[in-house]
1. State all residues of the range 24-51 that are near the ligand (Cβ under 9 Å from one of its atoms), buried (at least 22 other Cβ atoms within 10 Å of the Cβ) and under 18 Å from Ser90 (Cα atoms); if no residue qualifies, say none.
2. Report yes if Pro233 is over 28 Å from Ala112 (Cβ atoms) and modelled with pLDDT of 95 or more, otherwise no.
3. Restricting to the range 141-154, name every residue that is within 13 Å of the ligand (Cβ to nearest atom) and either touching an Asp or Glu at 6+ places or on another chain (Cβ under 8 Å) or among the acidic types (Asp, Glu) (or both).
4. Of these, Val161, Val154, Val199, Val187, which one is hydrophobic (A, V, I, L, M, F, W, C), surrounded by fewer than 16 Cβ atoms within 10 Å (Cβ to Cβ) and within 30 Å of Asp99 (Cβ to Cβ)?
5. Report the residue count in the range 95-119 for those that are in contact (Cβ under 8 Å) with a residue 40 or more places away in the chain and crowded, with 18+ Cβ neighbours inside 10 Å.
6. Just wondering, is there one or more residues in the range 64-79 that are among the aromatic types (Phe, Trp, Tyr) and within 24 Å of Val209 (Cα to Cα)?
7. Tell me, yes or no, whether the range 74-86 has at least one residue that is modelled with pLDDT of 95 or more, within 16 Å of the ligand (Cβ to nearest atom) and surrounded by 16 or more Cβ atoms within 10 Å (Cβ to Cβ).
8. Mind listing whichever residues of the range 180-215 are without any contact (Cβ under 8 Å) to a residue 24 or more places away in the chain and assigned to a loop (DSSP other than H, G, I, E, B)?
Amino acid sequence: MGKRENDSKRGRNGSEAQLKLAVLISGSGTNLQALIDACAEPDYPARISLVISNKDDAAGLARAEQADIRTQVIRHTDFASRSAFDQALSEALAAADIDLICLAGFMRVLGAPFVDHWQDRLINIHPALLPAFKGLHTHKRALEAGVRIAGCTVHYVRADVDVGPIIAQAAVSVLPEDTEASLAKRVLKQEHRLYPMAVALIAQGQVAVVDGRVRIAGAESGATEAALINPLPSPTK
Ligand code: GRF
C-alpha cells in the first residue's frame, strides 16, 4: 500500500485506523502466529480480519480459531483453473474489505490478474535473502552454495515468483555444523520478528514504492557500522 492510500485510512479525528489484514496460509502458520501475537499488542497498527487456507488440514487454521479470527477454506482443488481459484480468493478478500494481504507459507502461485489487481496491497515472506534463492528448498540450496550469511525477506508480490520490491530483510550467520533443519529454524525465528515489523511499517504509512523500489520513511537502518560478518576474524596470535 502506498503512503497516499494509507493516509486516507486516518479516521476523521486524525487517529490512524487499524489496517485490515488477511493472512493466506497452507501449512503450520507460525508466521501467522507471529502476526496474531503482534496484533494482540494494544498499540499495533493492524488487525487480522480473515485467514484463508487453500487446504482443510492447515494447522494454522486452529491458530486463527484460537484467536477468534474468521477463517475460510478455499480449496484450489475445487476449481477447474488457476484463474477461477484466484477469482474466488479475490472475491473473499474484497468482501472482507481487506487492506493488505499477507502471504504466510501460502503454497499456491497467484496469477498475474490477481497480483496486478492487489498490487502494493499484497506481501510475502520468503526464507532467503532475495534476490538469491527464489523458489523452494532455500536452506538446502544456501548450504550447497556455501553462503556464510542467510536470512529472510518481506517483499511486495509481483507476477513473477519471489520477485518484487523488498521491504525488509533479516540476516543470520550460517554455521559450519548447520543442517537444512537447523538453518531453517534460525531463519524462521527471524521471520517471526521481521513480518510483524514490516506490516507495522506499512500500516503506519511509512512504506512507499517508488520506481519499483521501496522507500521507508522514518525508520532507522540496522547496524550501519557493525556489519554481520561470518566468520569472525580469529584474534591475532
Ligand atoms: C516460512 O518459512 C515462509 O518464509 C515460507 O513458508 C514458511 C511458512 O511457515 N514462505 P509457517 O507456515 O509460517 O510456519
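1. Initially, the range 24-51 is screened for residues near the ligand (Cβ under 9 Å from one of its atoms), giving 25-34.
Of the ones still in play, those that are also buried (at least 22 other Cβ atoms within 10 Å of the Cβ) are 25, 29, 31-32, 34.
Residue satisfying the conditions is Ile25 alone.
2. On the way: over 28 Å from Ala112 (Cβ atoms): yes; modelled with pLDDT of 95 or more: no.
In short, no.
3. First, pick out the residues of the range 141-154 that are within 13 Å of the ligand (Cβ to nearest atom): 142, 150-154.
Matches in the range 141-154: Cys152 only.
4. Details: Val154 fails: surrounded by fewer than 16 Cβ atoms within 10 Å (Cβ to Cβ); Val199 fails: surrounded by fewer than 16 Cβ atoms within 10 Å (Cβ to Cβ); Val187 fails: surrounded by fewer than 16 Cβ atoms within 10 Å (Cβ to Cβ).
When all the criteria are applied, what remains is Val161.
5. 11
6. Step one: list which residues in the range 64-79 are among the aromatic types (Phe, Trp, Tyr), which gives 79.
Then keep just the ones that are within 24 Å of Val209 (Cα to Cα); that gives none.
For the range 64-79, residues among the aromatic types (Phe, Trp, Tyr) and within 24 Å of Val209 (Cα to Cα): absent.
7. No, every residue in the range 74-86 fails to be modelled with pLDDT of 95 or more, within 16 Å of the ligand (Cβ to nearest atom) and surrounded by 16 or more Cβ atoms within 10 Å (Cβ to Cβ).
8. The answer is Asp211, and nothing else.
The values are calculated or read from the model by the stated rules, or taken from the named source; none is laboratory data. Please read these numbers as outputs of a predicted model, since none were measured by experiment. Reconstructed Cβ throughout: ideal geometry from the backbone, glycine too, with neighbour counts over all protein chains shown.
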